[in-house]
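The structure appears below as structure tokens.
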Amino acid sequence: MRSLLNRLSYHKYFAISSGILAIASCIFALSKAVTSEIRQESSISPFDSLFPLTSSYLKPPCLFQPAATPLNQLETLPFTSFVKQDLTSSLTSGDRNFSERLAQTCKNSSDSNHHKASKTIADKNTNIFLNNWQNSVSHLPKLAPWPQIHQQAKLAKVPVMMYHDILPKKEVFFDVTPQELEADFKVIKSQGITPISMDWLIAHLRTGIPLPEKPVLLTFDDGYGSHYKYVYTLLKKYGYPAVFSIYIDKIGSRTGRSGVTWQQLQEMAVDPLVTIASHGTTHPDDLRELSDDRLQEETIESKRILEKKLGIPIRYFTYPVGKYDERVKHWVTVAGYRAAFSMDDLNEHFAGESPDLLAIGRFGQSRLEEIALQAWGGHPLPRNDGGFNFNTPIHREEYTVDGTSLILITGGKPNTIHADSRYQVPEIKRGTGAVAAVDGGFFSLKYLDSNVMIGPVLSQNRGFIPGNPGENLKLRGRPLVLINSEWVKFIPFDPDKHNTLSGILSEASDAEGVTDAFVGAAWLVKDNKPQPAEAFGSLFDFDASRHRAFWGINQAGQPAIGVSETPVDSISLGKILHQLGLRDAVMLDSGASTSLAYKGESLVGYTPRPVPHVVALFPPPSPTLSVAHVGLPCVLYADSCKPQK
């Protein structure tokens, strides 16, 4: 063991020392617009020995504690955050091939088109919401036991797109021309879709960390010569990462459809945009029919050959024709792969819907435009400190739980709007800048054009209006909603205290203030607990099945608004919202008033009663978070990773 540790320490020392020299050379090369390519035989460091598999909490700062000089210099280079992340991982994990990877990156960056595209992808990568990792250690995610998929990741929609050969003239239906491939890349760019790396996908699937708002992973199978000629060229032009699945017998093939050469693969392998996966040695039609000896050759031997020839760790496997069973997965595990791709034309699904990390599903490339537009990177991670997050994109999702369908819209910044009369919800939010809104507090039905609320109300557009003292007594103990730019509070309404502006403001410090307030119908979820029947007291029809409107805060600290599409009682709705991750939820005016609007349109299938008050979600400011040092190697290789002291 001591001998192994000494070798690992030597490798890390060698890598960091080489890194200092390589970074200095890279800075010089970039300043002079000179490119060079370094290639030499190198042994890979034993990554799996560096990252033992044990069960504990992930600690993001780990493995990013080498000498400060090379890391600081890396930060000054004109690379994307994605590229810097890859290089940082390579440097700090003791990869002796770091110098070659850096040299290839310098070579690519000297191309102005490649550099411009890289800047675009860098801007997108700053949109990866890692608040819960970076802001407080109380938010650290727990890894799902390998090879399970994290529950949070199952809620996201991350498509993995599968391509094969790229030909000027198509021969079979799944061939793609270079023009069609670039058209796909243009769709990705125009629709604001962000291609991610395989490492980021696995980090997401293991921890539930959110990816960019519209993520997609591009994969190319079989190692055709066209992958170097056409695909790699376009990846550099657009700055998109991708996975290439290579089987050994195809490399250098000149019969039939040509294969990529070892020299081309070596050039691609050191580019941070490229991930090389094993596709076996011979690409058999069905791995399930092979003997154990043959399976060992397809999984273990193919990995060994690729690692020896390319000088990089091969972490991922792709099942030929997508066929596998438990015995095949066993050999993939024995070989040391961390994840594997499958395919099934009759059961295509998003990555988070896969059985586990050893059977990640994919979509055929012909469905890119259809599927990628559904892509969603997932919710931010749950917070353990009761904090709030009003800086995430607004996202709409539909769920069916225990036979009840509902629409849930999360993200953005919450505020209320108190109209001058009664209107449909889309009319109230029109022109305000709000993206979504739900009908709000209870109001008087005495006059059709009245905007009089039941209970006190405070809004930014109409100020404070006290409630009717007689009606207020009936509201005692119901949830008083208090909102400002940083937080939301739900407290029991006290008619003796809260019917004045000073009484409302007394619930917050002078520095914090309160911008919005109103009285809700009842708690559906309170302090992470769905409410029992007795909590609703004498509330009319709380146990009846009705369309219901609600709003609250989820486990990630995001505001959430929504309606039930299926009539449901209050107790059942509270249980459903708790299952969907709301830590606090308040029922709003419901029944005939139940209404939800998103981007200008009503989302309910009927004409609801006009209302004078809504809870609205407004777009957040543009995020400026960095994704630089998040401990990615620990996510990929370990179930335990503690920060160095």
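The values are calculated or read from the model by the stated rules, or taken from the named source; none is laboratory data. This structure is a prediction, so every number in the text was calculated from the model and none was measured. For neighbour counting, all protein chains shown are included, and Cβ atoms are generated from backbone atoms with ideal geometry for every residue, glycine included. Surface accessibility is based on the protein's heavy atoms, side chains included, excluding ligands, DNA and RNA. Shrake-Rupley method; radii C 1.70, N 1.55, O 1.52, S 1.80 Å.
Given the criteria buried (at least 21 other Cβ atoms within 10 Å of the Cβ) and without any contact (Cβ under 8 Å) to a residue 60 or more places away in the chain, does Ser570 qualify? Lay out the reasoning, then the answer.
On the way: buried (at least 21 other Cβ atoms within 10 Å of the Cβ): yes; without any contact (Cβ under 8 Å) to a residue 60 or more places away in the chain: yes.
Yes, satisfied.
Give the residue, chosen from Gly431, Gly403, that is free of Cβ contacts under 8 Å to residues at least 40 places away in the same chain, on the phi > 0 side of the Ramachandran plot and loosely packed, with under 15 Cβ neighbours inside 10 Å. Write out each step before concluding.
Values: Gly403 fails: free of Cβ contacts under 8 Å to residues at least 40 places away in the same chain.
Exactly one residue qualifies, and that residue is Gly431.
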Check your understanding: Which one of the conditions (1) open to solvent by 10 Å² or more (accessible area, probe 1.4 Å); (2) part of a loop (DSSP other than H, G, I, E, B); (3) within 25 Å of Ile371 (Cα to Cα) does Gly256 fail to meet, given that it meets all the rest?
Key -> (3)
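Out of Pro195, Pro210, which single residue is in contact (Cβ under 8 Å) with a residue 40 or more places away in the chain, crowded, with 24+ Cβ neighbours inside 10 Å and closer than 20 Å to Ala183 by Cα? Give the steps one after another, and end with the answer.
On the way: Pro210 fails: closer than 20 Å to Ala183 by Cα.
Unique residue meeting the criteria: Pro195.
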Review point. Out of segment 593-613, which residues are in a strand (DSSP E or B) and either farther than 23 Å from Met453 by Cα or open to solvent by 10 Å² or more (accessible area, probe 1.4 Å) (or both)?
Key: Tyr598, Glu601, Ser602
Exercise for review: Taking the residues in segment 447-470 that are open to solvent by less than 70 Å² (accessible area, probe 1.4 Å), outside any loop (DSSP other than H, G, I, E, B) and of a type outside the set (A, V, I, L, M, F, W, C) as candidates, determine which candidate is modelled with the lowest pLDDT.
Suggested key: Gly470
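Please specify each residue of segment 471-486 satisfying the condition of being part of a loop (DSSP other than H, G, I, E, B), out of contact with any Pro (no Cβ under 8 Å at 6 or more places or on another chain) and either farther than 11 Å from Asp516 by Cα or among the small types (Gly, Ala, Ser) (or both).
Of segment 471-486, the ones part of a loop (DSSP other than H, G, I, E, B) are 475-478, 484-486.
Restricting the remaining residues to those that are out of contact with any Pro (no Cβ under 8 Å at 6 or more places or on another chain) gives 484-486.
Correct list: Ser485, Glu486.
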**Study point:** Exclusive hit being under 20 Å from Pro612 (Cβ atoms), open to solvent by 30 Å² or more (accessible area, probe 1.4 Å) and among the basic types (Lys, Arg), set Arg396, Arg478
**Key:** Arg478
**Study point:** Every residue from segment 492-512 that is out of contact with any helix residue (DSSP H, G or I) (no Cβ under 7 Å at 6 or more places or on another chain) and open to solvent by less than 30 Å² (accessible area, probe 1.4 Å)
**Key:** Phe493, Gly503, Ile504, Ala508
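Quick check on this structure: which one of Glu397, Glu369, Glu307, Glu298 is within 25 Å of Ser190 (Cα to Cα) and either assigned to a helix (DSSP H, G or I) or more than 21 Å from the chain's Cα centre (by Cα) (or both)? Steps first, answer last, please.
On the way: Glu397 fails: either assigned to a helix (DSSP H, G or I) or more than 21 Å from the chain's Cα centre (by Cα) (or both); Glu307 fails: within 25 Å of Ser190 (Cα to Cα); Glu298 fails: within 25 Å of Ser190 (Cα to Cα).
Checking each option against the conditions leaves just Glu369.
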Practice item. Under 6 Å between Cβ atoms, at least 6 apart or on separate chains: pull out the pairs that start in segment 345-359 with a residue that is open to solvent by less than 30 Å² (accessible area, probe 1.4 Å) and end on any residue that is at pLDDT below 95 and assigned to a helix (DSSP H, G or I). Key: Gly352/Ala153; Gly352/Lys154
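Give segment 253-277 a look and list any residue that's without any contact (Cβ under 8 Å) to a residue 60 or more places away in the chain and out of contact with any Gly (no Cβ under 6 Å at 6 or more places or on another chain), or say none.
Step one: list which residues in segment 253-277 are without any contact (Cβ under 8 Å) to a residue 60 or more places away in the chain, which gives 253-256, 258-265, 268-269, 274, 276.
Those that are without any contact (Cβ under 8 Å) to a residue 60 or more places away in the chain and out of contact with any Gly (no Cβ under 6 Å at 6 or more places or on another chain): Arg254, Thr255, Gly256, Trp262, Gln263, Gln264, Leu265, Met268, Ala269, Val274, Ile276.
Going through Phe550, Phe540 one at a time, which residue ends up being out of contact with any Asp or Glu (no Cβ under 9 Å at 6 or more places or on another chain), of a type in the set (Phe, Trp, Tyr) and not in a strand (DSSP E or B)?
That would be Phe540, the only listed residue that is out of contact with any Asp or Glu (no Cβ under 9 Å at 6 or more places or on another chain), of a type in the set (Phe, Trp, Tyr) and not in a strand (DSSP E or B).
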Review point. Looking at Gly192, is it outside any helix (DSSP H, G or I), modelled with pLDDT under 95 and touching a Ser or Thr at 6+ places or on another chain (Cβ under 8 Å)?
Key: no
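Looking only at segment 513-523, which residues are of a type in the set (Phe, Trp, Tyr) and open to solvent by less than 20 Å² (accessible area, probe 1.4 Å)? Write out each step before concluding.
As a first pass, look at segment 513-523 and keep what is of a type in the set (Phe, Trp, Tyr): 518, 523.
If the condition is that a residue be of a type in the set (Phe, Trp, Tyr) and open to solvent by less than 20 Å² (accessible area, probe 1.4 Å), then Phe518 is the only one that fits.
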Exercise for review: Take Asp286 and decide whether it is of a type in the set (D, E, K, R), open to solvent by 30 Å² or more (accessible area, probe 1.4 Å) and without any contact (Cβ under 8 Å) to a residue 60 or more places away in the chain.
Suggested key: no
Exercise for review: Give the residues of segment 235-272 that are of a type in the set (Ser, Thr, Tyr) and in contact with a Lys or Arg (Cβ under 8 Å, 6 or more places away or on another chain), sorted by residue number.
Suggested key: Tyr238
Revision key, fill the gap. Across segment 308-331, the tally of residues that are within 21 Å of Val270 (Cβ to Cβ), surrounded by fewer than 19 Cβ atoms within 10 Å (Cβ to Cβ) and in contact (Cβ under 8 Å) with a residue 24 or more places away in the chain stands at 1
Revision key, fill the gap. When segment 329-366 is checked residue by residue, the ones that are of a type in the set (D, E, K, R) and not in a loop (DSSP other than H, G, I, E, B) are Lys329, Glu353
Point to revise | Ser291, sole failed condition from (1) within 33 Å of the chain's Cα centre (by Cα); (2) at negative phi | key: (1)
Point to revise | Any hit, segment 172-188, residues being part of a loop (DSSP other than H, G, I, E, B) and aliphatic (A, V, I, L, M) | key: yes
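Taking the condition touching an Asp or Glu at 6+ places or on another chain (Cβ under 6 Å) and of a type in the set (Gly, Ala, Ser), does Gly377 pass? First the steps, then the outcome.
Values: touching an Asp or Glu at 6+ places or on another chain (Cβ under 6 Å): yes; of a type in the set (Gly, Ala, Ser): yes.
For Gly377, the condition - touching an Asp or Glu at 6+ places or on another chain (Cβ under 6 Å) and of a type in the set (Gly, Ala, Ser) - is met.
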Check your understanding: Does segment 576-617 hold any residues that are polar (S, T, N, Q) and within 27 Å of Ala535 (Cβ to Cβ), and which are they?
Key -> Gln579, Ser590, Ser593, Thr594, Ser595
